[in-house]
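Working notes, beginning with the structure itself.
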Amino acid sequence: MDPSDRVGLCVQHADIQDNLLQNYRSFLITLESVLLAVGVFLLSGILSLSGLQRIITVSALVLLAIFSIWIIHRGRRIVQARGRDVSYWHERALENEQKLAPEDRIFTEFKLHQQEQRRGNDEVVDNWFDKYEKGEPLTDTEVHEVVHYGLSHTRRVLDVIIPWALTIAWILLLLIAIIITIMG
């Protein structure tokens with residue numbers, strides 16, 4: 001198979017994996033938003049209940065929180081695995097693109113641009129751009145580094161910060177429920 005056809009095929013596979021990744025993220029954020037709203041509803045119910053009804057509602061909130069935190073972190077692992085799949089296909093595309101004429105390495109140029117945005121103008125990125133501008137192919141090691149060095153801002157926010165923020169929100173919700181129950 002021609003290297004340009006292989007690049008196209010790899011990019012298509014990356015696109016499929018990226019679409020799945022975005023769908024998983026959307027599903028998990030939507031699910032967690034709904035579960036958190038139910039948690040807040042249960043917390044508001046705790047304020048107006050007493051005795052056994054309050055204990056049952058707090059117990060339901062605790063079970064919901066445990067389930068939600070479990071979903072958050074299982075989902076996070078699924079999303080991260082899908083992100084690695086996208087990176088795998090990006091790496092294969094870049095490897096194949098290095099066999100093309102320099103002017104046809106547009107995906108390489110894009111990935112170098114991404115790294116420049118993440119890392120700034122450091123010596124490593126400058127060396128990659130120098131090779132690119134001279135028409136020299138990147139080595140397999142350089143291709144790997146271009147694809148895998150550092151999380152993008154989007155991945156950092158969606159795959160790390162939001163799951164931990166949701167976990168903290170559930171812990172705070174539980175703490176408030178426990179304090180209300182003890183004081184109440």
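Screening Ile162 against (1) under 20 Å from the mean Cα position of the chain (by Cα); (2) part of a loop (DSSP other than H, G, I, E, B); (3) of a type in the set (A, V, I, L, M) leaves a single unmet condition, (2). Among the residues examined, Ala14 does not qualify as surrounded by fewer than 17 Cβ atoms within 10 Å (Cβ to Cβ), hydrophobic (A, V, I, L, M, F, W, C) and in a helix (DSSP H, G or I). Of all residues in region 97-117, those that are under 28 Å from Arg155 (Cα atoms) and loosely packed, with under 13 Cβ neighbours inside 10 Å total 4. Reported count of residues in region 86-104, each being among the charged types (D, E, K, R) and over 15 Å from Thr139 (Cα atoms), is 2. Do we have Phe129 as in a helix (DSSP H, G or I), of a type in the set (A, V, I, L, M, F, W, C) and without any contact (Cβ under 8 Å) to a residue 12 or more places away in the chain here? Judged against the criteria, Phe129 is not a match.
Could you please let me know if Ser26 is loosely packed, with under 12 Cβ neighbours inside 10 Å, of a type in the set (S, T, N, Q) and in contact (Cβ under 8 Å) with a residue 40 or more places away in the chain?
Against the criterion (loosely packed, with under 12 Cβ neighbours inside 10 Å, of a type in the set (S, T, N, Q) and in contact (Cβ under 8 Å) with a residue 40 or more places away in the chain), Ser26 does not qualify.
Taking Ile69 as meeting all but one of (1) in contact (Cβ under 8 Å) with a residue 40 or more places away in the chain; (2) more than 18 Å from Val11 (Cβ to Cβ); (3) over 20 Å from the mean Cα position of the chain (by Cα), write down the number of the exception. Exception for Ile69: condition (3). Gln117 meets each of the listed conditions (1) without any contact (Cβ under 8 Å) to a residue 12 or more places away in the chain; (2) of a type in the set (S, T, N, Q); (3) out of contact with any His (no Cβ under 9 Å at 6 or more places or on another chain); (4) farther than 25 Å from Met1 by Cβ apart from (3).
For region 79-91, the criterion of being within 16 Å of the chain's Cα centre (by Cα) and assigned to a loop (DSSP other than H, G, I, E, B) is satisfied by no residue at all. Looking across region 172-181, just one residue is free of Cβ contacts under 8 Å to residues at least 40 places away in the same chain and under 26 Å from the mean Cα position of the chain (by Cα), and that is Leu172. Examine region 161-170 for a residue that is out of contact with any helix residue (DSSP H, G or I) (no Cβ under 8 Å at 6 or more places or on another chain) and of a type in the set (Gly, Ala, Ser), and state whether such a residue exists. Yes, some residue in region 161-170 is out of contact with any helix residue (DSSP H, G or I) (no Cβ under 8 Å at 6 or more places or on another chain) and of a type in the set (Gly, Ala, Ser).
Residue count for region 165-184 under the criterion of being closer than 20 Å to Leu28 by Cβ and of a type in the set (Val, Ile, Thr): the result is 3.
Where a number appears in this text, it was derived from the coordinates with a stated rule and is not lab data. Computed from a predicted model, the values in this text were never measured in an experiment. Cβ coordinates were reconstructed from backbone atoms using ideal geometry, including for glycine residues, and neighbour counts include every protein chain displayed.
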